[in-house]
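A quick write-up on the structure given underneath.
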Amino acid sequence: MSVVVHYVNQFFAGLGGEEAAGHEPVRFEGPQGPGRGLAAAGLEVDVTLACGDDYFGEREADALAILLGWLDELEPGVLVCGPSFGSGRYGYACGVLAREAGRRGLPVVAAMTPDSPGVLAAEGAAYVVPTGSNVAGMREALPVVASLAARLASGDAVGGPEDEGYLPRGLRLNALVERTGAERAIDLLLGKLAGDVRTEIAPSGDHVAPAPPVEDLASVRLALVTEAGCVPQGNPDRLPTRHANVWLRYDLAGVGSLAEGDYESVHAGFDTTTANADPNRLVPLDAARALEREGIVGTLHDAFYTTSGVDTPVAVAARHGQEIAAELREAQVGAVILTGT
C-alpha cells in the first residue's frame, strides 16, 4: 500500500488542549492518537500531521502552505482527516485541508458530524464519514474510515454513499441504469405525493430558526453589522474585496454619522459609487443614532462589524457569524441590524 498520512489537531496529537491551540504545524513519523485506532482497524498510518486549531483558524494560509508542502513531499496514496466529531474549529481545518488536498488529486477521507462547518468547507472533495458529536463515536467511525482509506490508497473502487456510509458529496456521475430518467422522475413524483419525499440529488443548505422578537426596544443594546465591505477610507486593515476570510471591527464611540470620504466599500460584488457617497447607506449609523436620541432603542453598541460577503464560502461565512455573535453576546447586545448588498 502507498503512504498513508493522517491529520489531527493539537489535542489528538498529544500536544495539549486549549493551551496548545496556537501550536504551529508539526509532523510525526507513524500514528498518533486515533491513528493507532486506524491501525487496529487495518490502516497503517505512516506520517501524522498536526496543527493547533487556533493557529489554523487565524493563520490559514500559513498553515496550508506548510501542510500542503509536506503532502507534496510525501506524495501519499490517501489523506485521513480527523475524526473531528462536533468540534467547529477542528472540523473546519479538516474540511479546508481536505478540499485543498483534493484539488491536488489526493484521495481524502474525513470524519465529523454532518452539521460540522468542515463538511461545507470540504466542498465535496472528501469522503466524509458521519460521526456523533464527541469521541464516544470513535469506535464506530474508525473502521469505516479505515476501510474507505485503504481502498482509496490501493486504487480500489468505492461505492456510493448509501452503500459505503459516507455523506453525499454533491457530485454527479454518469452511470448506466436499467430505467430511463423519465421513469425514475415519475416514481419520485408519485413517492412525493404519497409522502415519501426524496431526491437523487440531495440539496445542501443551512436552516436557522429566526430569533424571537425583541420585547422592549427601548431597553436593548443595538449593534450594526454589515457584509457590504464598509471600511475606513483606504482600507487600512486590508479587508479582502471577495473571498473574505476575516471580519473587522471599527469603533463608533462618539461618532454620529459615517461621513463621505472617511469610509468606503471595498465589496467587489456591486457598484459602490452611490454607497460611497453616503456610507450610512452601508452602515445606517445616522438612522440608528436618531433612534437612540428618540429613545426608541436603548443604546447603540460602540463598534460596528464588517466583512465582504461576495464569493465567501458558506462555511467561512458561518464561522464569521458565530464569532461576531459570540462577541456581541459578551457585550450584552440584544439586537442587531444586519445590512447586505
Those residues of the range 114-138 that are open to solvent by 10 Å² or more (accessible area, probe 1.4 Å) and either in a helix (DSSP H, G or I) or on the phi > 0 side of the Ramachandran plot (or both) come to a total of 9
Only one of these conditions is not met by PRO83: (1) at pLDDT 95 or above; (2) open to solvent by 10 Å² or more (accessible area, probe 1.4 Å). Which number is it?
(2)
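For THR312, are the conditions met, namely being modelled with pLDDT under 95, surrounded by fewer than 17 Cβ atoms within 10 Å (Cβ to Cβ) and either among the hydrophobic types (A, V, I, L, M, F, W, C) or farther than 21 Å from VAL214 by Cβ (or both)?
No; evaluated as a whole, the condition is false for this residue.
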So LEU68 clears everything in (1) within 28 Å of PRO114 (Cβ to Cβ); (2) of a type in the set (A, V, I, L, M, F, W, C); (3) modelled with pLDDT under 95; (4) open to solvent by 10 Å² or more (accessible area, probe 1.4 Å) except one condition, right? Which one?
(3)
Out of ALA93, ALA50, ALA111, ALA98, I need the residue that is buried (at least 21 other Cβ atoms within 10 Å of the Cβ), under 15 Å from the mean Cα position of the chain (by Cα) and in a strand (DSSP E or B). Which one?
ALA111
Of everything in the range 217-261 that's of a type in the set (D, E, K, R) and touching a residue at least 40 places away in the same chain (Cβ under 8 Å), which residue is surrounded by the most Cβ atoms within 10 Å (Cβ to Cβ)?
GLU227
Per the list (1) free of Cβ contacts under 8 Å to residues at least 40 places away in the same chain; (2) more than 20 Å from LEU239 (Cα to Cα), residue check on LEU285 breaks on (1)
Wholly enclosed strands (runs of 3 or more DSSP E) of the range 212-326 bearing at least 3 residues within 24 Å of ARG59 (Cα to Cα) and in contact with a strand residue (DSSP E or B) (Cβ under 7 Å, 6 or more places away or on another chain)
230-232, 248-251, 299-306
Yes or no: the range 42-60 includes at least one residue that is at pLDDT 95 or above, under 24 Å from ALA318 (Cβ atoms) and touching a Leu at 6+ places or on another chain (Cβ under 7 Å).
yes
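The values are calculated or read from the model by the stated rules, or taken from the named source; none is laboratory data. What you are looking at is a predicted structure, and each value in this text was computed from that prediction instead of being measured. Every residue, glycine as well, gets a Cβ built from its backbone with ideal geometry; the counts of neighbours run over all protein chains shown. These area figures cover heavy atoms from the full protein model, side chains too; ligands, DNA and RNA do not enter into them. Shrake-Rupley method; radii C 1.70, N 1.55, O 1.52, S 1.80 Å.
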